[in-house]
Amino acid sequence: MTPEIEDRVRKTIIRTFNLSPEDGMRELRMGSLPGWDSLGHMRLVVELEEEFGVSFPAYLLPEILDMDSIVRETLKLQAEQ
Amino acid sequence: MNHSVQLKSAIPADLVDEFLKRLPYISESLLKYDLTTDSRDRVHFDLRTGGDEPAIVSSRIVEVADKLLKARRASSVKVLASRIKRDASFDSDPHPGLESMDELHRYGAGRYGFGPRLIELMNLFDRDVAAIAEKYKAPAHQFPTLIGADLLDRSRYLRSFPSSLTMVSHLREDMAAIQDFARVAKWDGERLVHNPDSLHTIQCLLSPSVCFHYYSWLKDRSIDSASITAIGKCFRYESKNMDGLERLWDFTMREIIFVGAGQFVLDQRSQMIEETVALLDRWDLSFEIRSANDPFFIDDYASMATFQLAFDLKFEVLAPLPYKRKDLAIGSFNYHQDFFGRSFNISGTDGDPLHTSCTGFGLERVVLAFLAQHGLDSAKWPDHITDRIRSRW
């Protein structure tokens with residue numbers, strides 16, 4: 001389950017920030033990519049919500065700043081929602 | 001009113017002010033407007049004849065509402081300090097009294113002159129804030145009132161707050177253009193008559209904030225940390241929202257600015273909030289310090305506002321104005337993460353982009369809040385203030 005989610009999260013990040021396949025294999029976290037700033041973060045959240053059919057509450061936005069945290073919180077939300 | 005438009009969904013109560021503040025910018029023809037108070041889903045408006053068609057204005061109103069709500073998610077407001085006093089001893093509008101005392105002179109919307117007693121009061125408040133800066137060993141700096149368009153572009157201000165910009169120009173270095181301007185220039189009662197072709201392209205604007213200058217000052221530098229203070233004139237055009245000293249086009253801001261590693265900057269901001277609470281208590285002001293967001297331009301509003309609130313990037317000092325039954329933001333504590341560190345290539349000794357924070361006080365608003373809460377009789381003011389003024393009111 002987790003590897004599949006990880007793959008979808010990575011693809012969503014690559015799509016949101018128009019990354020090359022090589023850049024998409026790097027460590028992906030807020031601040032590590034030119035486009036992943038405040039506005040980029042909100043764009044990514046919307047893309048993730050569409051991809052996984054979940055809704056991230058505002059208090060979680062500062063918690064989902066890299067691949068691991070996004071996967072972890074998405075799994076939790078899928079279970080809850 | 002003659003026209004009305006149905007919104008797709010109701011404006012949430014906490015966004016009504018934000019929504020109404022944006023409407024003056026949608027059309028120069030818009031004269032009056034109002035949102036239905038109960039359902040908050042219909043806007044009534046009047047238009048100047050001969051201007052934009054009602055259908056166009058209606059579609060723009062709906063667009064503003066849609067974009068304001070798009071990507072919005074509920075954020076709980078955090079209250080860091082609260083000293084709300086229910087028993088206001090004074091509840092009159094101080095503007096008429098100040099004008100009759102010849103202490104306040106209105107030049108136009110958002111433009112006011114101050115007399116000697118108001119200046120003394122404003123300087124006193126400023127000295128108290130500057131005294132906090134001294135505790136942080138934050139030396140005074142002075143910056144120009146003009147700010148380069150390049151600097152505001154790099155700060156993303158041009159895209160985030162376009163409606164509030166005040167552009168500056170001058171005549172082209174062209175003898176014919178200068179002579180032509182001298183021949184035709186005159187005030188026709190509404191505007192300066194001139195040939196726009198005689199103006200130079202825009203290189204500078206009037207600065208909307210103080211701190212941008214300092215980030216530019218540090219451009220391409222590697223430092224451990226820095227703390228400074230500066231006072232400066234700031235300019236934010238706010239259309240029909242400009243109202244007395246509450247919302248000025250041309251105002252004075254005292255800022256204390258911190259640059260450093262993330263934890264350093266956040267610690268300084270927390271201490272600044274504590275110092276400010278103690279200062280506001282000495283001024284005996286009724287106030288609350290709450291999480292807030294900037295009035296971003298409409299396209300990015302929901303995303304940026306949500307981000308600011310979720311990441312605790314902005315807190316405002318809100319002081320009640322008893323005569324208006326509403327609060328006025330008189331100061332703010334802003335954390336920009338590493339945005340300016342990246343934008344201006346300011347790095348720490350480890351090479352990472354530095355974080356920044358600024359605390360700002362709008363001094364005219366501080367004066368207004370004080371007079372609105374304490375009145376114009378200095379015998380009723382706190383001793384901390386009256387003991388230090390030379391001219392009694």
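Every number here is computed from the coordinates shown, using simple stated rules; none is lab data. All figures in this text were calculated on a predicted structure; none of them were measured in a lab. Cβ: placed from backbone, ideal geometry, glycine included. Neighbour counts: every protein chain shown.
Rounded to the nearest 20, the Cβ-based charge dipole of the protein assembly as shown about its Cα centre (Lys and Arg +1, Asp and Glu -1) stands at 720 debye.
Taking every Cα-Cα distance in region B:232-369 and sorting them into 10 Å bins from zero, the calculated P(r) comes out as 11, 36, 38, 13, 2, 0 percent.
Cysteines in chain B that lack a partner Cβ within the 4.7 Å cut-off: B:C204, B:C234. Dividing the helix sum by the residues of chain B, where each DSSP H run of 4 or more adds -39500 (n - 2.57), gives a mean residue ellipticity at 222 nm of -9500 deg cm²/dmol. A run of chain B free of exposed loop cleavage sites, with GluC sites (Glu not before Pro) counted only in DSSP states other than H, G, I, E and B and at most 16 other beta carbons within 10 Å, reaches its longest extent at B:191-393. Of the residues B:P24, B:H3, B:V184, the one whose Cα sits farthest towards the positive end of the charge dipole of chain B is B:H3 (charges of +1 on Lys and Arg Cβ, -1 on Asp and Glu Cβ, taken about the Cα centre).
Each listed q (0.07 Å⁻¹) maps to a log10 I(q)/I(0) for chain B from the Debye sum over equal C-alpha point scatterers, namely -0.37.
A cut-off under 15 angstrom between Cβ atoms defines the neighbours of B:S347, and their net charge, with Lys, Arg +1 and Asp, Glu -1, is -2.
Placing +1 on the Cβ of every Lys and Arg and -1 on the Cβ of every Asp and Glu, with no other charges, gives chain A a dipole of roughly 80 debye about its Cα centre. The phi-based Karplus calculation (6.51 cos²θ - 1.76 cosθ + 1.60; θ = phi - 60°) puts the 3J(HN,Hα) values of region A:75-81 at 4, 4, 5, 4, 5, 7, 8 Hz, whole numbers, x for Gly and Pro.
Peptide B:73-81 has a mean of 2 when you count, residue by residue, the C-beta atoms of other protein chains within 10 Å of its C-beta. Please work out the C-alpha center-to-center distance from region B:93-152 to region B:167-238 and express it in whole Å. That distance is 20 Å.
Annotation: Cα Rg of region B:86-237 relative to the compact-globule expectation 2.2 N^0.38 Å equals 1.39.
Only Lys, Arg, Asp and Glu carry charge here, each on its Cβ (+1 for the first two, -1 for the last two); on that basis region B:44-157 has a dipole of about 780 debye about its Cα centre. Pairwise Cα distances in the protein assembly as shown exceed 30 Å in 55 percent of cases. According to the calculation over all Cα-Cα pairs in region B:198-300, the P(r) per 10 Å bin from zero is 11, 29, 39, 17, 4, 0 %.
For region B:84-155, trypsin sites (Lys or Arg not before Pro) are listed when DSSP marks them as loop and at most 10 other Cβ atoms sit within 10 Å of their Cβ; the list is B:R86, B:K137. Across region B:128-137, computed HN-Hα scalar couplings (Karplus, 6.51 cos²θ - 1.76 cosθ + 1.60, θ = phi - 60°) run 5, 6, 4, 5, 5, 4, 5, 4, 8, 6 Hz from first to last residue, x flagging Gly and Pro.
All other residues whose Cβ lies under 12 angstrom from that of B:R42 are scored, Lys and Arg at +1 and Asp and Glu at -1, for a net of -1. Loop-located trypsin sites (Lys or Arg not before Pro) in chain A (DSSP state not H, G, I, E or B) with no more than 15 neighbouring Cβ atoms inside 10 Å: A:R26. Partners of B:K324 within straight-line reach, counting lysines whose Cα lies under 27 Å from its Cα and excluding those fewer than 8 residues away in the same chain: B:K21, B:K32, B:K78, B:K85, B:K233, B:K240, B:K314, B:K380.
Neighbours of B:H105 by Cβ distance under 15 Å: Lys/Arg scored +1, Asp/Glu scored -1, total -2.
Working note: Cα atoms of chain A, range along each principal axis, descending, whole Å: 33, 27, 18.
Debye sum, Cα scatterers, region B:1-146, no solvent: what log₁₀ I/I(0) at q = 0.11, 0.15, 0.19 1/Å? Here log10 of I(q) over I(0) equals -0.80, -1.05, -1.08. Ordering B:F143, B:N345, B:H374 by the projection of their Cα atoms onto the charge dipole of chain B, which places +1 on the Cβ of Lys and Arg and -1 on the Cβ of Asp and Glu, puts B:H374 at the extreme positive end. Put simply, the C-alpha atoms of region B:313-393 give a gyration tensor, and the ellipsoid matching it has half-axes of 39, 16, 8 Å, longest first.
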